Structure formats: C-alpha cells, structure tokens
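Data block below; observations after.
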Amino acid sequence: MKRIGWSSGKKNRLCFTLTTVLMLFASAAWGQPQPISGTLSAIGSDTMAGLILRWGEALAVRYPEINVQFQATGSASVPPALTAGTARLGPMSRPMNDQERQAFIDRYGYPPLELKVARDALILVVHRHNPLRAITRQQADAIFSTGQACGADKPIRRWSELAATREWPYGNIALHGRNLASGTYGLFQDEVLCDGQFRRDISEHPGSSAVVAAVGESPNAMGYAGYNHLTPMVHTLRFVTEEGEEIAPSEQAVQRNEYPLSRDLYLYVNLPPDESLPAAEQAFLAFILSEEGQQIARAAGFVPLPDDELANQQHW
C-alpha cells in the first residue's frame, strides 16, 4: 500500500485502532455482535455504487442499526467533498492525484486515509457480432483521441482502417465513454490515450452500464467501461502488450495485475491521526476487508484483493 507520510507513532495508533476493530469484528462471527448504530454517508464513484450498497446491506444484517447512504456523483467529487467536510467516506475508481491530496492536506494538516477495497479493470467493448478481438494501445489511442499521443501515425475513424474489420460494413466507428466526473474517464485518458485529449464526438454516459448498453445496441460502436458491467450484448477486446502478447481481462489476470488496464478501487476516509473512527465506520471498513466482504465484491462483478494486500491493510 502506498505510504502516506505519517509519523511512526501515528501509524502505531492507527494500527492499534484498526487491528482492534478487526479482532472485534472477527470474534462477533462466533456470537452475538455488540450493538452498533449510525448512518454512514458516502459520496463518490458511480462504478462502485452497487458495491458500496451491497456492502452496506450485508453489514446491516449483522448490525441492523447501521444505515449506509451513498450518492453516486463520480470519483472527481470525492476530493472536494472530503476537503469541504461534506463527507467522511469517498469511494474512488482511481487514486487521488497529487493536487487533490495536497488540497486536503492544506485544509487538515494530514492526508486522507487511503484503502484499496477491491480490484477492477478498464475494458474496451464492441458489439457481440463484431469480428475484432484484440487491440493495441496505439490503435485505441488513434480511435479515441485527437492527437495520437501514444505514437500512432494517423487517427482511426472507420472500421475499414483496422485489418480485422476491413469487411465490417458499418462505416465510421461510433464511440461511447464516460463523462468528465468519472474516475474511469480520467484513468482511460491516462493509461490508453497517453494523457492525450478525447475526441469531441464521443457520446458520454454517466455510468459504465449505459456505455455497454449503447454499444450492445449498435454494430458500429466501440466503448470503454468497467469490467463488472459486461453483458451478452457485447464482447471485450484483448489488450495487446508492447511485447505482442494478447491478454484478456479475466479475474486471474486482473487480480495479478497482468492485464494492462487493471486498476484498484479505493475508499478514502477523513481520519485525523490522533482520533479513531466512529464504531459504525470502523465496522464498515473491517467488513469490507474481511473474507465475506471480498466475496461480495466478487459477486458484484469485481475482483477480490490478493491476500497479501488485505493483510497489509489490516495491520497499518
């Protein structure tokens, strides 16, 4: 896990707090848990909306007096909300950038607590009947960007410009993606467009499910979305590495970071280093990092974190 610059004493206090919570949560499985109540308010990633609510519902089975409320306003809304104090919990489908983190530090004098809570991947999807099966970074950049920052010789605008779809009778490639508030948008821009600029004619959607639905309805379409939103109406494209290897976004490849567009999902928390979280928030974090919590992530279409990453985050 990325280090966040706290002193060893502060780290030890946080270690004690989280370890104690996890021990209490684990022991509750063998008997009646002690009553915990409270409302957890979170603002952030649309990609993670269903996952956060599933975790909240499962936690409420154990602690009926805990209520999780979530506003799916996009990952970009998390840093200003945490900095302004309008939320304490912020799910993000990308890591905070340096500017966002520094704004929080300038306000509070300490960084936000950063937890990795599951793993996901960006995927490129086409209509289920499309013969295209794999794509390089340069090709994807040439299709989605204005400037070919990844090194392509020229833009790609028509299906006939790709060898696999030379005979695909649908003319121009219709593009679908996420909006500016989405962490998926920013990560795709960084990782696939080499930090270049998106074309202006891309149809933008507030959620990955809408992207996949639009592509599934249009044989001439291509889009990018989150791994957990696949439907039988589309198929994913294997990503071709610089070495020429084609890698599909399978659970194993994503968990091992072998798929080039694998990504971590984050939960940011405003936690002063000399304080402990309220009991409801402590129970929520402990549940997310538990085996049951990670199995819920898998059931929601995401990829559980590797055991070593879970262990590292349970012992700060």
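Output yes when any residue across region 59-75 is within 21 Å of the chain's Cα centre (by Cα) and of a type in the set (D, E, K, R), and no when none is. Taking every residue of region 59-75 in turn, none turns out to be within 21 Å of the chain's Cα centre (by Cα) and of a type in the set (D, E, K, R).
Could you say whether any residue in region 143-154 is of a type in the set (Gly, Ala, Ser), crowded, with 18+ Cβ neighbours inside 10 Å, part of a loop (DSSP other than H, G, I, E, B) and touching a helix residue (DSSP H, G or I) at 6+ places or on another chain (Cβ under 9 Å)? Quick ask: steps written out before the conclusion?
Within region 143-154, the subset of a type in the set (Gly, Ala, Ser) is 145, 147, 149, 151-152.
Narrowing the set further to residues that are crowded, with 18+ Cβ neighbours inside 10 Å leaves 145, 152.
From what is left, the residues that are part of a loop (DSSP other than H, G, I, E, B) are 152.
After this cut, where a residue has to be touching a helix residue (DSSP H, G or I) at 6+ places or on another chain (Cβ under 9 Å) as well, the list is 152.
Among the residues of region 143-154, at least one is of a type in the set (Gly, Ala, Ser), crowded, with 18+ Cβ neighbours inside 10 Å, part of a loop (DSSP other than H, G, I, E, B) and touching a helix residue (DSSP H, G or I) at 6+ places or on another chain (Cβ under 9 Å), which makes the answer yes.
Each row is one residue, and each column tells you yes or no for (1) of a type outside the set (S, T, N, Q); (2) touching a strand residue (DSSP E or B) at 6+ places or on another chain (Cβ under 7 Å); (3) surrounded by fewer than 20 Cβ atoms within 10 Å (Cβ to Cβ); (4) farther than 30 Å from residue 296 by Cα.
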residue	(1), (2), (3), (4)
87	yes, yes, no, no
117	yes, yes, no, no
120	yes, yes, no, no
131	yes, no, yes, yes
136	no, yes, yes, yes
141	yes, no, no, yes
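From the list 230, 267, which one is open to solvent by less than 50 Å² (accessible area, probe 1.4 Å), of a type in the set (A, V, I, L, M) and out of contact with any Asp or Glu (no Cβ under 6 Å at 6 or more places or on another chain)? Don't jump to the end; show me each part of the working.
Details: 230 fails: open to solvent by less than 50 Å² (accessible area, probe 1.4 Å).
Residue meeting the stated conditions: 267.
Output the residue which, of all residues in region 233-264 that are of a type in the set (Asp, Glu) and within 21 Å of residue 289 (Cβ to Cβ), is surrounded by the fewest Cβ atoms within 10 Å (Cβ to Cβ).
We begin by selecting, within region 233-264, every residue of a type in the set (Asp, Glu); these are 242-243, 245-246, 251, 258, 264.
Subsequent filtering for residues that are within 21 Å of residue 289 (Cβ to Cβ) retains 251, 264.
On the way: 251: 16, 264: 21.
Here the answer is 251.
Residues that are farther than 17 Å from residue 94 by Cβ and of a type outside the set (A, V, I, L, M, F, W, C) number at least 1 in the following helices (runs of 4 or more DSSP H) confined to region 159-267: 208-216, 251-255. Look at (1) at pLDDT below 95; (2) in contact with a strand residue (DSSP E or B) (Cβ under 8 Å, 6 or more places away or on another chain) and you find that residue 169 fails only one, number (2). Taking the criterion of being open to solvent by 10 Å² or more (accessible area, probe 1.4 Å) and in contact with a Phe, Trp or Tyr (Cβ under 7 Å, 6 or more places away or on another chain), the residues of region 43-53 that qualify are 49, 53. Taking the condition without any contact (Cβ under 8 Å) to a residue 60 or more places away in the chain and open to solvent by 80 Å² or more (accessible area, probe 1.4 Å), does residue 195 pass? Here the answer is yes, as residue 195 does meet what is asked. When region 147-188 is filtered for residues that are within 28 Å of the chain's Cα centre (by Cα) and at positive phi, the ones remaining, listed by number, are 148, 151. Any residue that is on the phi > 0 side of the Ramachandran plot, of a type outside the set (Val, Ile, Thr) and either open to solvent by 10 Å² or more (accessible area, probe 1.4 Å) or modelled with pLDDT under 95 (or both) - is there at least one of those in region 202-224? Checked against the condition, which is being on the phi > 0 side of the Ramachandran plot, of a type outside the set (Val, Ile, Thr) and either open to solvent by 10 Å² or more (accessible area, probe 1.4 Å) or modelled with pLDDT under 95 (or both), region 202-224 yields no hits at all.
Please go through region 159-185 and pick out each residue that is open to solvent by 50 Å² or more (accessible area, probe 1.4 Å), hydrophobic (A, V, I, L, M, F, W, C) and more than 14 Å from residue 200 (Cβ to Cβ). Outline the logic, then answer.
Taking region 159-185 and keeping what is open to solvent by 50 Å² or more (accessible area, probe 1.4 Å), we get 160-161, 163-164, 166-167, 169-170, 172, 180.
Right, trim to hydrophobic (A, V, I, L, M, F, W, C) and you get 163-164, 180.
Of everything in region 159-185, those that are open to solvent by 50 Å² or more (accessible area, probe 1.4 Å), hydrophobic (A, V, I, L, M, F, W, C) and more than 14 Å from residue 200 (Cβ to Cβ) turn out to be 163, 164.
So in region 292-309, with the set limited to residues that are under 20 Å from residue 268 (Cβ atoms) and surrounded by fewer than 18 Cβ atoms within 10 Å (Cβ to Cβ), which one is modelled with the lowest pLDDT? For region 292-309, the residue satisfying everything is 309.
The values are calculated or read from the model by the stated rules, or taken from the named source; none is laboratory data. Remember, predicted model here, so these are calculated numbers, not experimental data. When we count neighbours, we look across all protein chains shown, and the Cβ atoms used for this are built from the backbone with ideal geometry, even at glycine. Ligands, DNA and RNA are excluded from the accessible area calculation, which covers all protein heavy atoms including side chains. Shrake-Rupley method; radii C 1.70, N 1.55, O 1.52, S 1.80 Å.
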